[in-house]
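The values are calculated or read from the model by the stated rules, or taken from the named source; none is laboratory data. Being a predicted model, the structure only gives us computed values, none of them experimental. Cβ placement follows ideal geometry from the backbone for every residue including glycine, while neighbour counts extend to all protein chains displayed. Please note that ligands, DNA and RNA were not included when accessible areas were found on the heavy atoms of the full protein model with its side chains. Shrake-Rupley method; radii C 1.70, N 1.55, O 1.52, S 1.80 Å.
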Amino acid sequence: MIKLSRISKSFGKNQVLKDITLSVEKGEVVVILGPSGSGKTTLLRCLNYLERPNDGTIAIGDYTVDCKHAGKKDIHQLRQKSAMVFQHYNLFKHKTALENVMEGLVIVQKLPKEEARKRSVEVLEKVGLGAKLDAYPSQLSGGQQQRVGIARALALNPEVILFDEPTSALDPELVGEVLDVIRKIANEGITMIVVTHEMSFAREVSNHVVFMDGGVIVEEGKPNELFGAPKEERTKQFLKRITSDWVYNI
Amino acid sequence: MGKKFDINYVLDFIPKLLSYLDITLFIVTASLVFGLLIGFLVALPRMYNVPVLKRVSQVYVSFFRGTPILIQLFLVYYGVPELFKLVNIDLSRTDVLVFVILSYSLHSGAFISEGIRAAVNGVERGQVEAAYSVGMNGFQAFTRIILPQALAISVPIFANLTIANLKDTSLAFTLGAMEMTGKSQTLGTATQHFIETYIALSLIYFVISTVLERAFHYVERRLLKHEKQLVQHGHRSRKRSLWGKPLVTRIEEGG
Ligand SMILES: Nc1ncnc2c1ncn2[C@@H]1O[C@H](COP(=O)(O)OP(=O)(O)OP(=O)(O)O)[C@@H](O)[C@H]1O
Ligand SMILES: [Mg+2]
């Protein structure tokens, strides 16, 4: 359903992604783990073509793009098929929650206004913001803003939703409400790829875990395999460090 | 110099000067309109990093920001006709107002292009990326997301420039342009009551500047309505999310 093959990306001389190959099935929830700088964000951004890969192919659904020769139309198609939830929400500041969600439906998908509004209200209600339709981002808490961000992605009905550390900019007491929403849409069978450092969440919600380091996929598998019995030394060390930090933090 | 101070002359001069207000306002408006046009054209190569044009616009901007408006007036008034002589076009009969407006337009254009750049840069890159990620193209992202916010940001810059221009037009009299300050000179000479003309003049400029300032302030508030915070959320949670350190759930990255 999503197939990345041999994706490479360099910034100048710095090769950040090296020959990444990854398949994601429909309805799968993929969690990407890895230390800082391992290329997780870059990988997600390549999928949404916010970053242009130097090489490789991306296939989402029935649409395949050869990154070397991607044209405007290819990029547009890819972006229509995926939606991104950003670490810092990136809401349109001059638009209300409802307008944020409607924008893509009206401007890009050319839905009639009434229909777009109806769908947007539905989605905002689903993320628990039915009472905040007319609030501007500056009037919402971080958790509420991120839920608008999720609604904005969800409303577009994409084939896959990409989450880049959706809770890492939030106050701890607001993390739960956002994770609840992500869990809820995961259970609806929507395909998603999530970069996160929330280990217990990753374990509970994912059915495919990918561990990246130094721009390559070191190991991937089912959550109980990768968390329970990691094969690679680097994975073991990462998990050990991150769980001991976690214990320490409590 | 002049005759004994007489307040009645001030009252007498105000309506006489006001009859030239339209010319002053015409200079201001025309130079802002052309300045906007120039400012946009000049800002583009710098925002989109066009190699040679970028340098040209940089030189233009720093020249018109770095030299006194009075010198620019003289340069345009005496220099432009010389340039046109080279191609056998005679500008000696052209109205002085044309040169005045040209000078102020070039001057405003330099400031406006800087304002546009600042305002566009003031809209976070992340919002543009979000626009792309919902499938907008560059034009849609610019007109729907960047422009409305950039306009709101640029209102105070534009307000300052308008008021500065209003006051700067008073220098046009040095070229013999008959606007308010030019008129005050002839009134002063005719009556020998110079102080009174200056008082009348400053009152007029002051009132107009104040009105303009209020008007811009109103527009700014309207355009920035999305920045108003609700009291119940307030600053606490925003500050906290900036400084607050994750305690429990979030696991810090290693390394
Ligand atoms: N726009 C850019 N220009 C140059 N280098 C970049 C750019 N974006 C990312 N990089 C580099 O690419 C590497 C991978 O960055 P990336 O943001 O993908 O890592 P990450 O795994 O998401 O890390 P983190 O967990 O800290 O978010 C880093 O070395 C980073 O410095
Ligand atoms: Mg990242």
- Message: Tell me the residue from A:GLY189, A:GLY215 that is among the small types (Gly, Ala, Ser), touching a residue at least 60 places away in the same chain (Cβ under 8 Å), more than 14 Å from chain B (Cβ to nearest Cβ) and within 16 Å of ligand 2 (Cβ to nearest atom), please.
- Response: A:GLY215
- Query: Out of the stretch A:164-186, which residues are away from ligand 1 (no atom under 16 Å from the Cβ) and facing chain B (nearest Cβ under 7 Å)?
  - Reply: A:ASP171, A:PRO172, A:VAL175
- Task: Determine if the stretch B:85-99 includes at least one residue that is in a helix (DSSP H, G or I) and in contact with a strand residue (DSSP E or B) (Cβ under 6 Å, 6 or more places away or on another chain).
- Result: no
- Filtered residues of the stretch A:19-44 (kept if near ligand 1 (Cβ under 8 Å from one of its atoms) and either free of Cβ contacts under 8 Å to residues at least 60 places away in the same chain or of a type in the set (Val, Ile, Thr) (or both)): A:SER36, A:GLY37, A:THR41, A:THR42
- Query: Is it the case that the stretch A:69-82 has a residue that's at pLDDT below 95 and within 14 Å of ligand 2 (Cβ to nearest atom)?
  - Reply: no
- Considering only the stretch A:195-212, how many residues are within 14 Å of chain B (Cβ to nearest Cβ) and either on the phi > 0 side of the Ramachandran plot or in a strand (DSSP E or B) (or both)? 3
- Query: Among B:GLU253, B:GLU220, B:GLU213, which is at pLDDT 85 or above and within 14 Å of chain A (Cβ to nearest Cβ)?
  - Reply: B:GLU220
- Task: Name every residue in the stretch A:52-85 that is within 14 Å of another protein chain (Cβ to nearest Cβ), among the charged types (D, E, K, R) and either surrounded by fewer than 17 Cβ atoms within 10 Å (Cβ to Cβ) or touching a Leu at 6+ places or on another chain (Cβ under 8 Å) (or both), in order of residue number.
- Result: A:ARG52, A:LYS72, A:LYS73
- Task: Look through the stretch B:131-158, keep the residues that are in contact with a Leu (Cβ under 7 Å, 6 or more places away or on another chain) and in a helix (DSSP H, G or I), and return whichever of them is farthest from the other protein chains (Cβ to nearest Cβ).
- Result: B:VAL155
- Quick one: which residue in B:ARG144, B:ARG117 is in contact (Cβ under 8 Å) with a residue 60 or more places away in the chain and open to solvent by 40 Å² or more (accessible area, probe 1.4 Å)? B:ARG117
- Subset of the stretch A:75-98 (residues that are closer than 20 Å to B:GLY122 by Cβ and more than 16 Å from ligand 1 (Cβ to nearest atom)): A:LEU91, A:PHE92, A:LYS93, A:HIS94, A:LYS95
- Message: Checking the condition touching a Lys or Arg at 6+ places or on another chain (Cβ under 6 Å) and within 8 Å of another protein chain (Cβ to nearest Cβ), which residue from A:PRO223, A:PRO230, A:PRO137 passes?
- Response: A:PRO137
- Task: Could you look through the stretch B:79-111, keep only residues that are among the small types (Gly, Ala, Ser) and within 30 Å of B:PHE158 (Cβ to Cβ), and pick out the one that is most open to solvent (accessible area, probe 1.4 Å)?
- Result: B:GLY79
- Of A:PHE201, A:PHE163, which residue is under 27 Å from B:ALA130 (Cα atoms) and within 16 Å of ligand 2 (Cβ to nearest atom)? A:PHE163
- Among (1) modelled with pLDDT of 90 or more; (2) closer than 28 Å to B:LEU97 by Cβ; (3) hydrophobic (A, V, I, L, M, F, W, C), the one test that B:PHE158 misses: (1)
- What are the residues in the stretch A:1-48 that are open to solvent by 10 Å² or more (accessible area, probe 1.4 Å), hydrophobic (A, V, I, L, M, F, W, C) and either modelled with pLDDT of 95 or more or part of a strand (DSSP E or B) (or both), if any? A:PHE11, A:VAL16
- Within the stretch A:115-135, work out how many residues are touching a residue at least 24 places away in the same chain (Cβ under 8 Å) and open to solvent by 30 Å² or more (accessible area, probe 1.4 Å). 6
